[in-house]
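Single-structure report; data block below.
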Amino acid sequence: MGRLRILLADDHKVMREGLRLLINAQPDMEVIGVADNGRSAILESQALHPDLVIMDVTMPELNGLKATQQLCQVCPGAKIMALTRHSDNGYLQQMLAAGATGYALKQSAPEELIRGIRTVIAGHKYLDPALTTQLVGTVFGKSTSRRLPPENSLSQREEEVLRLIAWGFLNKEIGAQLQISVKTAEAHKANAMQKMGMKSRIDIVRYALLRGWMENV
């Protein structure tokens, strides 16, 4: 396999150069391009076709959220990992809803960022460990957790499907992994979401965090 092709989108030059050195030092990764604003990130991605775009959340011209939304449409093959100093769950939820499959903090250790890149490239969701406890505590307070149906409300297959959805797998991939049809996977997903009162993929990710499913991704 060739090296992982990564595009860096960050408006701070020092941060970009530091990330470039870190990533290029990995034997299986290389930075193929950089962008200093969201609009440039989209244009560079269309031209270079990266495997992964590391997207700063706050950038001029077009912020990371809007750039992620547009990038998912024009470059659906590129995975996106948000990189930010914002540790509150509002930014996290918005970026996941926009299409990012990873969320890393700039203040985390370099090796944690590399782990995040590998997790996202492998097709799984990645949330910076520094976020997870805070997110569960804010989104699932004690009163909320008491209202959640018990985990054994789900059948084994429904739980397997929800886990894979939380980890970033599509219905087709879930069907292949569990050796069931796409329609059956969709049915298990619908049944599980109805049982647990879920309305969107974000709800599934929140539930996965609460149950500790994301820790072994």
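Residue under question is Leu113, and the condition is that it be farther than 19 Å from Phe169 by Cα, in a strand (DSSP E or B), in contact (Cβ under 8 Å) with a residue 40 or more places away in the chain and not β-branched (Val, Ile, Thr); does it hold?
On the way: farther than 19 Å from Phe169 by Cα: yes; in a strand (DSSP E or B): no; in contact (Cβ under 8 Å) with a residue 40 or more places away in the chain: yes; not β-branched (Val, Ile, Thr): yes.
No; evaluated as a whole, the condition is false for this residue.
When you look at Asp56, is it within 20 Å of Leu19 (Cα to Cα), surrounded by fewer than 23 Cβ atoms within 10 Å (Cβ to Cβ) and of a type in the set (D, E, K, R), yes or no? Quick ask: steps written out before the conclusion?
On the way: within 20 Å of Leu19 (Cα to Cα): yes; surrounded by fewer than 23 Cβ atoms within 10 Å (Cβ to Cβ): no; of a type in the set (D, E, K, R): yes.
It is false that Asp56 is within 20 Å of Leu19 (Cα to Cα), surrounded by fewer than 23 Cβ atoms within 10 Å (Cβ to Cβ) and of a type in the set (D, E, K, R).
Specify which of the listed residues (Ser87, Ser45) is surrounded by fewer than 19 Cβ atoms within 10 Å (Cβ to Cβ) and within 20 Å of the chain's Cα centre (by Cα). Working first, answer last.
On the way: Ser45 fails: surrounded by fewer than 19 Cβ atoms within 10 Å (Cβ to Cβ).
Being surrounded by fewer than 19 Cβ atoms within 10 Å (Cβ to Cβ) and within 20 Å of the chain's Cα centre (by Cα) holds for just one of Ser87, Ser45, which is Ser87.
How do the pairs read when you match residues in region 170-190 that are not assigned by TED's automatic domain parsing to the domain that holds Gly77 with residues anywhere that are assigned to a loop (DSSP other than H, G, I, E, B) and not hydrophobic (A, V, I, L, M, F, W, C), using Cβ under 6 Å and keeping only pairs 6 or more apart or on different chains?
These pairs meet every condition: Gly175/Ser181.
Kindly list, by first and then second residue, each pair from a residue in region 34-59 that is without any contact (Cβ under 8 Å) to a residue 60 or more places away in the chain and closer than 22 Å to Arg85 by Cβ to a residue that is buried (at least 23 other Cβ atoms within 10 Å of the Cβ) and polar (S, T, N, Q), limited to pairs with Cβ atoms under 7 Å and residues at least 6 apart or on different chains.
Listed by first residue and then by second, the contacts come to Val53/Ser45; Met55/Thr68.
May I ask you to say which residue of Leu105, Leu96, Leu154 is within 23 Å of Thr68 (Cβ to Cβ) and at pLDDT below 90? Reasoning before the result, please.
Working: Leu105 fails: at pLDDT below 90; Leu154 fails: within 23 Å of Thr68 (Cβ to Cβ).
One residue alone meets the criteria, Leu96.
The values are calculated or read from the model by the stated rules, or taken from the named source; none is laboratory data. From a predicted model like this one, the values you see are computed outputs, not experimental measurements. Don't worry about glycine lacking a Cβ; one is built from the backbone with ideal geometry, like all the others, and counts go over all protein chains shown.
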